[in-house]
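The values are calculated or read from the model by the stated rules, or taken from the named source; none is laboratory data. Only a predicted model underlies this, so the values are computations on that prediction, with no experimental measurement involved. As a convention, Cβ positions derive from the backbone with ideal geometry for all residues, glycine included, and neighbour counts pool all protein chains shown.
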Amino acid sequence: MIQLGNRKIRRLLIIGIGIFILFTTLLYIVAAKPIDKSYTEHLENGYRVFSENFDFSYLKNMPPVSGDEPSTIDEKNADTTKSLSSKFNGDFLNEKGFKILPQNVDFKYINPKNKQGDKEEILKQHSESYEKILKTEVREPKDFDIESIRPPAEGVAYEHANATIVALVRNHEFGPIGNTIKKLEKQFNSKFKYPYTLINDVPFTDKFKERIRRFTDAPIEFVTIPSNLWDKPESIDIVKEAKAMSVMTANNVAYAAMGSYHNMCRFYSGNLFNLPEMQKYKFYWRIEPHVEFYSNINYDVFKYLEGTKKVYGFTISLYDIAETIQTLWPETLKFLNMGDNYKYINPNGSFQWLLNNLQNPQNNNKTGGFSTCHFWTNFEIVDMDFLRSEAYTKWFKHLDSTGNFYYERWGDAPVRSMGLGLFADKNQVHWFRDIGYFHDPYFHCPSTPFTAGCEIGKFSKWPHLEDQNCMMSWIDYSIDNLDAIY
């Protein structure tokens, strides 16, 4: 027993001497010269490692330094991490607008531009700023060597990007989609000959195919969507769906009772890019009937996105009908707080754009915080590798499992936009400021030498829709340097 006690005493003496030498050295360094932060951090880290890894188990009755501290190192580390993480990320949520931790994800609008005024004053500020930007003359993008992606000379073979131009159309729409193709050929595709992929949930007629081929000599593929990618899932409760559609119809929600519209939104959100005929492509440009292209596009837009490593291109950003997507944001937060799904969030995402609540605060109130800002997806140029990613795929499957593409009227535009806002770096999303475009009732009409036929800076055919323009929020919160791009 005496020998055992002597061994304890010797070990305690050795520990004491070691700690004394360590702190004496530290005091000497502090006194001798100004503190080198990295060096003192190194010493402190060394002491922490020493104290945490030294085996004190033989001192079974040694009390903790403070009666409030846990008695094991694992408990102490866990409590310390929890305390520090809670404090840091709480402040970070208020200062930066987001908190990304395992099963502890949250976002907050923090008004980073410190804008003041009620929603009418904010709208006036935004409208004036938008008009000023649109009336400032620009040319083609400056952040890439545009000369390297000009159209080929006549008769010269061209190495295309792995891309297609896609449209979802019905057989009776051969006239309107034919006119769209005619306009796009004039402004862009007659120079580049990218293939078209036209898709339908029923087979295209020979008459449709014959008429469409008159508008272009580029390759065209006519695709019938498999029923498993288009039809309403069997899991949908049709009684619940009918009640939900009735409520939305009573609240004047457009297309609420049109089953094919719900199918379309779900298809574009999560199944278009998984069509067998689309698997061979990396990029697509979506077009629709009844649109206008006002600008001559003299560079390869696909190669531009590819060369700049951007994953998405758009022209117009709008607010959505809040009643159609009341649970989209809450369900997304639920997904992000499951397991390790927080890892999919890009810390440089477009969170403030998703959450801004100054121009249309009533939308945030109805959607659990989502601004409803989205890209108008009838014009979108997309890198499908992003849509096929694990993050987007798992998230879409979660959304699909809720049935709310049918119990509500979740649109592909807010779904696509929310996915991009969360999982993509905001610098990977490109506003095609130089491409004039119209889809009733909204315009994008820039001031460029290549644009004609629209009123520069005009947003809508109808003045009462001015408050539906979310473009200034995108510019304010998601474009770091507008002049560096155009």
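Summary table
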read-out: Of all residues making up the stretch 178-195, the number that are in contact with an Asp or Glu (Cβ under 8 Å, 6 or more places away or on another chain) and either part of a helix (DSSP H, G or I) or exposed (fewer than 15 other Cβ atoms within 10 Å of the Cβ) (or both); value: 3
read-out: Criterion violated by D412 - all others in (1) surrounded by 23 or more Cβ atoms within 10 Å (Cβ to Cβ); (2) closer than 30 Å to P233 by Cα satisfied; value: (1)
read-out: Restricting the stretch 451-465 to residues that are buried (at least 16 other Cβ atoms within 10 Å of the Cβ) and out of contact with any Lys or Arg (no Cβ under 8 Å at 6 or more places or on another chain), the residue that is nearest to F188 (Cα to Cα); value: T451
read-out: Of all residues making up the stretch 394-412, the number that are charged (D, E, K, R) and under 20 Å from M258 (Cα atoms); value: 4
read-out: Among residues of the stretch 245-277, those that are hydrophobic (A, V, I, L, M, F, W, C), part of a helix (DSSP H, G or I) and closer than 23 Å to M418 by Cα, counted; value: 6
read-out: Qualifying residue in the stretch 224-236 (condition: of a type in the set (K, R) and over 32 Å from the mean Cα position of the chain (by Cα)); value: no
read-out: Among the candidates D231, D201, D206, residue that is exposed (fewer than 14 other Cβ atoms within 10 Å of the Cβ) and not β-branched (V, I, T); value: D206
read-out: Any hit, the stretch 473-480, residues being assigned to a loop (DSSP other than H, G, I, E, B), of a type in the set (A, V, I, L, M) and modelled with pLDDT of 95 or more; value: yes
read-out: Failed criterion for T136 (all others in (1) of a type outside the set (D, E); (2) within 30 Å of D483 (Cβ to Cβ); (3) without any contact (Cβ under 8 Å) to a residue 60 or more places away in the chain hold); value: (3)
read-out: Top-ranked residue of the stretch 295-322 - restricted to ones that are assigned to a loop (DSSP other than H, G, I, E, B) and of a type in the set (D, E), ranked as nearest to A452 (Cα to Cα); value: D300
read-out: Residues satisfying the stated conditions in the stretch 246-259, i.e. in contact (Cβ under 8 Å) with a residue 24 or more places away in the chain and out of contact with any Lys or Arg (no Cβ under 8 Å at 6 or more places or on another chain); value: N251, A254
read-out: Residues satisfying the stated conditions in the stretch 132-161, i.e. loosely packed, with under 12 Cβ neighbours inside 10 Å and either touching a His at 6+ places or on another chain (Cβ under 7 Å) or over 30 Å from G457 (Cβ atoms) (or both); value: S148, A153, E154, G155, V156, A157, E159
